[in-house]
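A.B. asks: Please read through the structure below; I'll follow up with questions.
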Amino acid sequence: MNLKSLLNQLGQRKNGLAISILLPTHRTFPDNRQDLITLKNLIKETEERLQTHLDKREVKAIIDAINAKVDGLNHNYNLDSLGIFADREEVALMHFPFTVKQRVIIDDTFAIRDLVRESNSSINYYILVISRATVRLIEAFDDRLVAEFDSQTALRAGSFPIDNTLLFAPHGLDRAQMPNDAGNLKQFFNRVDKSLQEVQNHQERERLPVIVVGDVRNLAFFKEACDRPGDIVGEVDNVPELKAPAEKIIADVQTTVADYRRRRAEIALQHIAQARGAHQLLTDFSTIYRAVDEGNAFRLFVRTGYAQPGIIDLAKKTVMPQADPAAPGVTDDVVDVLIEQVLQKGGEVCFLSAEQLGDEKPVSLQTRY
């Protein structure tokens with residue numbers, strides 16, 4: 001899943017017509033049978049709304065393209081939500097491991113701000129479950145399963161799960177009696193790492209942090225074999241059953257995920273202090289907006305869950321905070337606008353809890369210069 005890449009591409013596509021269809025979905029049967037019905041109803045709603053301001057031939061071409069994209073959709077593989085994004089040229093579809101509000105939006109830009117915030121405030125990561133006999137690879141999003149890699153995932157180096165074909169223990173011998181066991185394990189884990197790096201380097205995937213699960217000995221051997229040990233953000237050696245379902249493995253590593261989130265927050269707070277010391281920290285909305293517009297945005301720091309309605313004056317490049325998000329001319333959340341624009345211009349967004357931020361402002365920007 002390369003959610004951030006897709007959202008960035010959608011944010012940059014501006015051709016006058018952007019159709020966003022968002023719906024919550026279900027992971028399990030029989031609830032997921034309703035997802036197909038809901039999706040068809042939303043596509044029908046999209047068609048009816050398009051017919052009010054486009055000619056029938058153009059509407060038919062767009063709806064045909066959407067239907068062609070969803071026709072092969074297997075709802076047995078649903079996550080928590082589905083997004084379909086269409087314009088006059090192409091249709092993109094993605095499953096999300098978080099819940100969205102059901103809606104159809106037809107505008108000149110895609111409705112991705114909520115998705116951008118969700119994807120950047122959460123942690124997307126891999127879990128590598130290693131034993132001397134086999135290795136599994138699981139993708140997770142916070143505490144939710146995205147997918148477990150299987151034989152259908154074609155990799156040149158070898159698809160997960162990977163079995164140790166070097167494991168030939170003579171009958172009656174234990175591991176301590178096998179003089180070449182360490183060498184076999186290192187060779188096996190080197191092969192595992194080649195497959196992991198192939199996944200990490202795939203152009204359609206984002207490079208993700210990795211949590212490694214296994215016993216202490218195997219963890220040590222794998223770290224020796226790994227070409228990119230910096231990707232490993234946590235090690236867990238107390239999972240009782242390595243063959244357990246992926247959801248159980250994910251639950252068992254949540255303490256490590258929380259530690260990683262805490263370390264990210266500590267680094268973000270250090271960046272805030274450094275920016276303040278270098279006179280490169282902005283906290284006023286209008287000043288932040290102008291810096292982002294000028295391409296002078298390095299890191300945007302946002303309090304998790306914080307939203308601020310406001311009036312954005314495009315000519316003067318000012319932001320005036322407002323109390324009522326429904327008032328005329330008011331953008332319901334200027335924070336989402338800033339997040340989207342910072343990411344489009346190659347900046348970073350760091351989310352911190354109110355407790356972590358302490359007395360810091362809920363939104364601040366570290367400039368590039």
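The values are calculated or read from the model by the stated rules, or taken from the named source; none is laboratory data. What you are looking at is a predicted structure, and each value in this text was computed from that prediction instead of being measured. Cβ atoms come from the backbone with ideal geometry, glycine included; neighbour counts cover every protein chain shown. Calculation scope for accessible area: heavy atoms of the full protein, side chains included, ligands and nucleic acids excluded. Shrake-Rupley method; radii C 1.70, N 1.55, O 1.52, S 1.80 Å.
A.B. asks: When the residues of segment 240-296 are narrowed to those that are free of Cβ contacts under 8 Å to residues at least 24 places away in the same chain and within 23 Å of Arg27 (Cβ to Cβ), which ends up farthest from the chain's Cα centre (by Cα)?
C.D. replies: Ranking the candidates gives Glu241 first.
A.B. asks: On to the next question. How many of the residues in segment 344-364 are surrounded by 18 or more Cβ atoms within 10 Å (Cβ to Cβ), in a loop (DSSP other than H, G, I, E, B) and under 24 Å from the mean Cα position of the chain (by Cα)?
C.D. replies: The total comes to 1.
A.B. asks: Tell me the residue from Gln34, Gln9 that is part of a helix (DSSP H, G or I), within 22 Å of Phe141 (Cβ to Cβ) and open to solvent by 70 Å² or more (accessible area, probe 1.4 Å), please.
C.D. replies: Answer to the check: Gln9.
A.B. asks: Same structure, new question: Condition (residue is within 20 Å of Gly158 (Cα to Cα) and in contact (Cβ under 8 Å) with a residue 40 or more places away in the chain) applied to segment 220-235: is it met by at least one residue?
C.D. replies: Yes, segment 220-235 has at least one match.
A.B. asks: Then there's this: Checking Phe222 against (1) within 12 Å of Val129 (Cα to Cα); (2) assigned to a helix (DSSP H, G or I); (3) open to solvent by 40 Å² or more (accessible area, probe 1.4 Å), only one condition comes out false. Which one?
C.D. replies: (3) is the only condition that Phe222 fails.
A.B. asks: Looking at Pro229, Pro245, Pro240, Pro209 in this structure, which one is within 20 Å of Ser122 (Cβ to Cβ) and of a type outside the set (Ser, Thr, Tyr)?
C.D. replies: Unique residue meeting the criteria: Pro209.
A.B. asks: Related question: Would you mention how many residues in segment 319-343 are surrounded by fewer than 16 Cβ atoms within 10 Å (Cβ to Cβ) and out of contact with any Pro (no Cβ under 6 Å at 6 or more places or on another chain)?
C.D. replies: Count: 8.
A.B. asks: Yes or no: Ala275 in a helix (DSSP H, G or I), of a type outside the set (Lys, Arg) and in contact with a Leu (Cβ under 8 Å, 6 or more places away or on another chain)?
C.D. replies: Taking the combined requirement at face value, the residue satisfies it.
A.B. asks: Got a sec? Which of Thr52, Thr28 is at pLDDT below 95, closer than 30 Å to Ile138 by Cα and not in a helix (DSSP H, G or I)?
C.D. replies: Selected residue: Thr28, the only one of Thr52, Thr28 that is at pLDDT below 95, closer than 30 Å to Ile138 by Cα and not in a helix (DSSP H, G or I).
A.B. asks: Taking Glu241 as meeting all but one of (1) more than 30 Å from Ser353 (Cβ to Cβ); (2) part of a helix (DSSP H, G or I), write down the number of the exception.
C.D. replies: All conditions are met except number (2).
A.B. asks: Among the listed residues Arg191, Arg207, identify the single one that is open to solvent by 10 Å² or more (accessible area, probe 1.4 Å), of a type outside the set (Ser, Thr, Tyr) and in a helix (DSSP H, G or I).
C.D. replies: Among Arg191, Arg207, only Arg191 is open to solvent by 10 Å² or more (accessible area, probe 1.4 Å), of a type outside the set (Ser, Thr, Tyr) and in a helix (DSSP H, G or I).
A.B. asks: Name every residue in segment 285-303 that is crowded, with 16+ Cβ neighbours inside 10 Å and part of a loop (DSSP other than H, G, I, E, B), in order of residue number.
C.D. replies: Asn296
A.B. asks: Does segment 221-239 contain any residue that is more than 24 Å from the chain's Cα centre (by Cα), among the aliphatic types (A, V, I, L, M) and more than 27 Å from Gly346 (Cα to Cα)?
C.D. replies: The answer is yes; a qualifying residue exists.
A.B. asks: From the residues in segment 104-144 that are among the hydroxyl-bearing types (Ser, Thr, Tyr), open to solvent by 20 Å² or more (accessible area, probe 1.4 Å) and not in a strand (DSSP E or B), which one is nearest to Glu235 (Cα to Cα)?
C.D. replies: Only one residue fits best here, namely Ser131.
A.B. asks: Further question on the same structure: Can you find, within segment 158-173, the residue that is nearest to the chain's Cα centre (by Cα) among those that are surrounded by 13 or more Cβ atoms within 10 Å (Cβ to Cβ) and modelled with pLDDT of 90 or more?
C.D. replies: Only one residue tops the list, namely Phe160.
A.B. asks: Report yes if some residue within segment 90-99 is surrounded by 15 or more Cβ atoms within 10 Å (Cβ to Cβ), of a type in the set (Ser, Thr, Tyr) and more than 28 Å from Asn15 (Cβ to Cβ); otherwise report no.
C.D. replies: Scanning segment 90-99, I find no residue that is surrounded by 15 or more Cβ atoms within 10 Å (Cβ to Cβ), of a type in the set (Ser, Thr, Tyr) and more than 28 Å from Asn15 (Cβ to Cβ), so the answer is no.
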